[in-house]
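Report on one structure; see the data block that follows.
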Amino acid sequence: MIGRLNHVAIAVPDLAAAAAVYRDRLGASVSQPAALADHGVTTVFVQLANTQIELIEPLGETSPIAAFLERHPEGGIHHLCYEVDDIGAASAAMVAAGSRVLGDGKPSIGAHGKPVIFLHPKDFLGSLIELEEA
Ligand code: CO
């Protein structure tokens, strides 16, 4: 069902510093920061030839990545995002298989303006999974 790896997300305590690491030290093309209030994060995308890296910094008091950064103060890999053709069908298939969809189970609009869902890490080898309709 899943298609391409859309991005690997890295939670970071300082987005400007993290973007500078990828831009200045690793020589990658990085986007301008974009605030995603609904998701409680500010993002920068690093464009690579075959995928993207999503750098995410907490936004607001109740950011869902705040607890992760308390456990990983230097930052760390937060989730993997795979593309799917139909987010509704993918979500239904996950629920039917007994996999937990986070939140209210309904797709929300992700960083690319496309519908996304998140899947519980305990059901996926300890990795938080994002599915994005391509
Ligand atoms: Co993501």
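General remarks:
- Residue in the range 32-71 that is surrounded by the most Cβ atoms within 10 Å (Cβ to Cβ), counting only those that are without any contact (Cβ under 8 Å) to a residue 40 or more places away in the chain and within 13 Å of the ligand (Cβ to nearest atom): VAL41
- Search result, residues across the range 1-14 that are more than 16 Å from the ligand (Cβ to nearest atom) and either out of contact with any helix residue (DSSP H, G or I) (no Cβ under 8 Å at 6 or more places or on another chain) or part of a strand (DSSP E or B) (or both): ASP14
- Meets criteria (of a type in the set (D, E, K, R) and under 15 Å from LEU128 (Cα atoms)) for GLU83: yes
- Strands (runs of 3 or more DSSP E) (entirely within the range 15-134) containing at least 2 residues that are touching a strand residue (DSSP E or B) at 6+ places or on another chain (Cβ under 8 Å) and either closer than 24 Å to MET1 by Cα or of a type in the set (Phe, Trp, Tyr) (or both): 52-58, 76-84, 115-119, 128-133
- For the range 94-116, the condition holds for no residue, the condition being that it is acidic (Asp, Glu) and either under 20 Å from ILE10 (Cβ atoms) or within 13 Å of the ligand (Cβ to nearest atom) (or both).
Values in this text are rule-based calculations from the coordinates and carry no lab data. Predicted model, so just to flag it, every value in this text is computed and none were measured. When we count neighbours, we look across all protein chains shown, and the Cβ atoms used for this are built from the backbone with ideal geometry, even at glycine.
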